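> Following this message is one structure expressed as structure tokens.
The values are calculated or read from the model by the stated rules, or taken from the named source; none is laboratory data. Nothing here was measured: the structure is a model prediction, and the numbers come from that model. Backbone-built Cβ (ideal geometry, glycine too); neighbour counts: all protein chains shown.
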Amino acid sequence: MMLVGLRSTGAAMLVSLVSALPLIAQTPATAERAQVLVLGTYHFANPGSDAVKTEVADVLSATKQAEIRAVVGALAHFRPTKIAVEHVPASAPQLESLYHAYRSGRHDLSRNETEQLGFRLAAMLEHPHVYPIDHRGEFPFDAVMVEVLEYLPPA
């Protein structure tokens, strides 16, 4: 999962869930409202940890790389100010090291969605950091799917 501070919505390739959520800052009423985009994807490296098991194409193939570049390009139009990726906060030094190695040309992107989407977008926008966020525990998958299905158009 990736959180991106954005202005509007428009990209949905390769994603299983895209949701723009305006958040009210916990400051005086005169403060500007932040907009947050939560981008959820399947695990690109497909380690079998997704709730829904699917066959996935190799994200390093030329076709998938073109699709990923298109998604990242569309996300860049929102001009996010921070990119948060699904990583435990304790991994921040390793994540930061990999991101800087990628930016300096010393690391090729792995199949991981954190790198394919998060690193690529942050680097494109010249962000100095990506931010690890994660919370271990039970995820209310069934309840989330009920809510998601309410917003999807009929098939």
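> Can you name every residue in the range 114-145 that is at pLDDT 95 or above, under 14 Å from the mean Cα position of the chain (by Cα) and among the acidic types (Asp, Glu)?
Matches in the range 114-145: Glu115 only.
> Tell me which residues, restricted to the range 111-130, are farther than 17 Å from Gly73 by Cβ, surrounded by fewer than 21 Cβ atoms within 10 Å (Cβ to Cβ) and touching a helix residue (DSSP H, G or I) at 6+ places or on another chain (Cβ under 8 Å).
Passing the criteria: only His129.
> So is Ala45 surrounded by 14 or more Cβ atoms within 10 Å (Cβ to Cβ), of a type in the set (A, V, I, L, M, F, W, C) and modelled with pLDDT under 90 or not?
yes
> Here is a follow-up. Hey, any hits in the range 146-153 for a residue that's under 16 Å from Val38 (Cα atoms), modelled with pLDDT of 95 or more, surrounded by 10 or more Cβ atoms within 10 Å (Cβ to Cβ) and aliphatic (A, V, I, L, M)?
No, because not a single residue in the range 146-153 is under 16 Å from Val38 (Cα atoms), modelled with pLDDT of 95 or more, surrounded by 10 or more Cβ atoms within 10 Å (Cβ to Cβ) and aliphatic (A, V, I, L, M).
> Separate question: Between a residue in the range 26-37 that is at pLDDT below 60 and any residue that is aromatic (Phe, Trp, Tyr) and surrounded by fewer than 10 Cβ atoms within 10 Å (Cβ to Cβ), which pairs come within a Cβ distance under 8 Å, given they are 6 or more apart or on different chains?
From residues that are at pLDDT below 60, there are no pairs.
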